[in-house]
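These notes concern the structure reproduced below.
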Amino acid sequence: QVQLVESGGGLVQAGGSLRLSCAASGRTFSTYVMGWFRQAPGKEREFVSTISRRGINTYYTDSVKGRFTISRDNAKNTVYLQMNSLKVEDTAVYYCAAVQTTQWPKTTEYDKWGQGTQVTVSS
């Protein structure tokens, strides 16, 4: 079982940057596909980005392409989300998620979640 702890959220002005981190416990981190999701006030949680087990393949929702970069360091059991050119509409609680699979998972298949970290972008 892997446990996830996010960090790095905060308040930033529009156009600024933040880097989120998600630290995972356990010794099987490299067997998990990792993802980032977010939930804005009054909205459903939405997929942001995902990265394959060895970090070779990544995928982003259209609204963050070219601005966000997902990466992972399996030696450190950590996945990152570098967020640049932040917009007010990026304001949300960001969640790290994991699923132990050899396939490219559906967004509904993630079964391990962190507690979330708040990102607030001011205008």
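For a test of the definition: using alpha carbon positions, the gyration tensor, and the 1.5 limit on a/c, classify the range 25-95 as rounded, prolate or oblate. Prolate shape, in that a/c is at least 1.5 and a/b is the bigger ratio. Annotation for the range 1-38: trypsin sites (Lys or Arg not before Pro) lying in DSSP loop with at most 15 further Cβ atoms inside 10 Å of their Cβ are R27.
I want the local charge near M83. Using Cβ-Cβ distances under 14 Å, sum +1 for each Lys or Arg and -1 for each Asp or Glu among the other residues.
Working: positive: R19, R38, K65, R67, K87; negative: E6, E89, D90.
Cβ neighbours under 14 Å give a net charge of +2.
Just to confirm a number: summing +1 for Lys and Arg and -1 for Asp and Glu over residues other than G10 whose beta-carbon lies under 15 angstrom from that of G10, what do you get? Intermediate results must be reported in sequence, preceding the final value.
Numbers: positive: R19, R38; negative: E6, D90.
Result for the neighbourhood of G10: 0.
With N counted as the residues of the chain, its alpha-carbon radius of gyration over 2.2 N^0.38 Å works out to 0.98. Taking the Cα centre of the range 56-114 as origin and assigning +1 to Lys and Arg Cβ atoms and -1 to Asp and Glu Cβ atoms, the resulting dipole is close to 140 debye. Between Q82 and K65, residue separation times 0.36 nm minus the direct Cα-Cα distance comes to 5.0 nm.
Put a dot 7 Å past the Cα of Q115, heading toward its Cβ, do the same for K43, and the two dots end up 2.5 nm apart. When the GluC sites (Glu not before Pro) in the range 1-75 are filtered for DSSP coil states and for at most 16 other beta-carbon atoms within 10 Å of their beta-carbon, the remaining sites are E44.
Bear in mind that the values in this text are calculations on the coordinates, not laboratory data. Given the structure is predicted, the values throughout are model-derived calculations rather than measurements. Neighbour counts are summed over all protein chains in view; Cβ atoms, including those assigned to glycine, are modelled from backbone coordinates with ideal geometry.
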